[in-house]
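**Student:** My questions all concern the structure below.
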Amino acid sequence: MLSGILFQLFYGLLGSWTAYLISILYVEYRTRKEREKVDFRNHVIQWFEVLDGLLGKHWRNVGLAFNCTFLLFGSVIQLIACASNIYYINDNLDKRTWTYIFGACCATTVFIPSFHNYRIWSFLGLLMTTYTAWYLTIASLLHGQVEGVKHAGPTKLVLYFTGATNILYTFGGHAVTVEIMHAMWKPQKFKAIYLLATLYVITLTLPSAAAVYWAFGDMLLNHSNAFSLLPRSPFRDMAVILMLIHQFITFGFACTPLYFVWEKAIGMHECKSLCKRAAARLPVVIPIWFLAIVFPFFGPINSTVGSLLVSFTVYIIPALAHIFTFKSAAARENAVEQPPKFVGRWVGTYTINVFVVVWVLVVGFGFGGWASMTNFIHQIDTFGLFTKCYQCLPPQGVLPPPPHSFNTTVAPSPHHQPSFNHTHHNL
């Protein structure tokens with residue numbers, strides 16, 4: 001419980017710090033380009049372009065590879081989450097069939113031009129996740145502890161680090177930060193807003209995570225979706241429906257930067273016709289749809305993506321990029337925005353950046369990668385690829401397989417990041 005609370009607070013701060021670094025690099029890049037009279041009116045600036053402009057093509061290629069792979073799997077996770085949730089309202093269809101249906105629904109996001117069009121949806125998504133988090137908290141407390149509840153906590157290192165990595169993933173949803181900043185009229189305000197958003201998220205995740213774990217304990221190890229443990233009620237149905245709408249919005253958040261990359265690759269990004277751009281974007285949705293059907297492991301896939309992709313995309317690359325962008329005295333002196341006094345100016349900033357790189361490389365990528373891959377392979381061995389209904393109740397008279405999903409997801413986060421469901425074996 002203590003580890004879970006501390007990891008959420010720690011990774012919340014770490015995530016806010018790297019969002020701050022990304023915003024600094026974005027403003028630096030944009031200011032330099034605008035001094036060269038570059039016009040961005042019909043062009044959305046992306047993270048790989050920031051890296052290219054500040055550090056060159058090798059940084060761009062690495063950033064692009066990690067970012068696109070993370071956003072691809074971020075979209076896959078939203079699709080899996082949709083199927084996993086709707087199953088608890090209507091189990092006449094299996095989860096794989098629901099994935100086909102929601103894949104078609106999510107494909108309609110190709111018609112949404114840019115992040116300017118997500119403003120009201122993003123606000124509504126916040127209300128939806130707030131309702132769901134407090135529903136989980138209150139419903140768990142009213143339900144009370146199940147008979148013979150056990151709170152063994154993580155009994156093995158593999159369990160401990162899978163949980164820690166899922167929390168790393170939860171607060172690493174800002175790989176789309178640059179595109180969101182570009183959609184803001186005052187991008188400089190982003191870093192303060194992000195910190196406030198993170199603090200708000202913690203008020204949702206900690207109570208719901210603690211309450212559900214208190215009520216159900218180790219049962220969560222084999223139930224990646226907490227909705228499956230709570231009794232059916234109109235309140236639960238409402239929470240599921242709101243989460244479905246939220247996940248549709250989050251799919252758009254994760255997929256839109258991929259659409260932009262694809263448009264730029266095929267020369268369609270500055271095309272004025274919405275229909276032509278929508279048609280050009282469709283090939284991006286197909287691999288996402290396919291991967292969601294191949295790996296429907298809601299929970300384990302979150303920590304795998306967290307350790308192998310989020311660790312580099314969101315934490316290590318921005319910290320290193322900041323170090324190398326401002327390594328010369330001239331660059332530091334001419335920086336558009338100087339580091340704040342309370343972190344110790346440039347020396348303090350560099351110290352924090354080095355700590356972030358080392359911590360995430362060792363704990364997030366090293367231990368987390370080992371734990372989450374061990375768990376992910378275990379899921380494939382237990383359920384197989386293309387499994388029809390992951391962690392569903394077996395028909396009467398049929399013994400269930402021995403699943404041991406080390407990952408448990410519960411509380412939704414209003415961040416734009418994927419799945420937004422939070423782990424419990426550390427909580």
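The values are calculated or read from the model by the stated rules, or taken from the named source; none is laboratory data. In this text the structure is predicted, and so the values were computed from the model without any measurement. When we count neighbours, we look across all protein chains shown, and the Cβ atoms used for this are built from the backbone with ideal geometry, even at glycine. Keep in mind that these areas ignore ligands, DNA and RNA; they rest on the heavy atoms of the full protein, side chains included. Shrake-Rupley method; radii C 1.70, N 1.55, O 1.52, S 1.80 Å.
**Student:** Could you tell me which trypsin sites (Lys or Arg not before Pro) in segment 141-196 are loop residues by DSSP with no more than 16 other beta carbons within 10 angstrom of their beta carbon?
**Tutor:** Answer in residue order: Lys150, Lys156.
**Student:** Which one is right for this structure if percent of Cα pairs over 26 Å apart is calculated from it: [x] 67; [y] 61; [z] 53?
**Tutor:** Given [x] 67; [y] 61; [z] 53, the calculated one carries the label [z].
**Student:** Which listed residue (Trp134, His116, Ile77) has the Cα farthest towards the positive end of the charge dipole for segment 72-195, taking +1 on Lys and Arg C-beta and -1 on Asp and Glu C-beta about the Cα centre?
**Tutor:** Sorting the options by dipole projection puts first His116.
**Student:** Something else: Packing-wise, with mean Cβ within 10 Å as the measure, how do 343-350, 8-15 rank, highest first? Don't jump to the answer; show the numbers that get you there.
**Tutor:** On the way: 343-350: 14.8, 8-15: 20.5.
So the order, starting with the most tightly packed, is 8-15, 343-350.
**Student:** Filter the cross-link list Lys191/Lys327; Lys95/Lys264; Lys191/Lys272 down to pairs whose alpha-carbon distance in this structure exceeds 29 Å. Intermediate values should be presented prior to the final figure.
**Tutor:** Details: Lys191/Lys327 22 Å; Lys95/Lys264 35 Å; Lys191/Lys272 32 Å.
Going by Cα-Cα distance, Lys95/Lys264; Lys191/Lys272 fall outside the 29 Å limit.
**Student:** May I ask for the angle, rounded to the nearest 10°, between helix 190-216 and the longest principal axis of the chain, with both axes built from Cα atoms and the value confined to 0 to 90°?
**Tutor:** Relative to the chain, helix 190-216 is tipped by roughly 10 degrees.
**Student:** For Cα pairs less than 8 Å apart in space and 6+ apart in sequence, what is the mean separation divided by the residue count of the chain, i.e. the relative contact order in percent?
**Tutor:** 34 percent
**Student:** Roughly how many Å² is the accessible area per residue of the chain, as a whole number, for a 1.4 Å probe? Please report the intermediate quantities before stating the final value.
**Tutor:** Working: 17610 Å² over 427 residues.
In whole numbers, the chain has 41 Å² accessible per residue.
**Student:** Quick check: net charge around Phe48, other residues with Cβ under 14 Å of its Cβ, Lys/Arg +1 and Asp/Glu -1?
**Tutor:** Details: positive: Lys57, Arg60, Lys264; negative: Glu49, Asp52, Glu179, Glu263.
The answer is -1.
**Student:** Could you let me know the centre-to-centre spacing of segment 93-166 and segment 258-326, using Cα atoms, in angstrom?
**Tutor:** Their Cα centres are 20 Å away from one another.
**Student:** Going highest first, how would you order 85-95, 67-77 by mean Cβ packing within 10 Å?
**Tutor:** Details: 85-95: 16.7, 67-77: 24.7.
Those peptides, ordered most packed to least, come out 67-77, 85-95.
**Student:** How many percent of the accessible area of segment 48-108 is carbon or sulfur, using a 1.4 Å probe?
**Tutor:** Numbers: 1360 of 2270 Å².
With neighbouring chains kept in place, the figure for segment 48-108 is 60 percent.
**Student:** What is the dipole size for the chain, taken about its Cα centre, with +1 at each Lys and Arg Cβ and -1 at each Asp and Glu Cβ, in debye to the nearest 20?
**Tutor:** Values: 28 positive and 17 negative charges, 186 e Å.
For this selection, approximately 900 debye.
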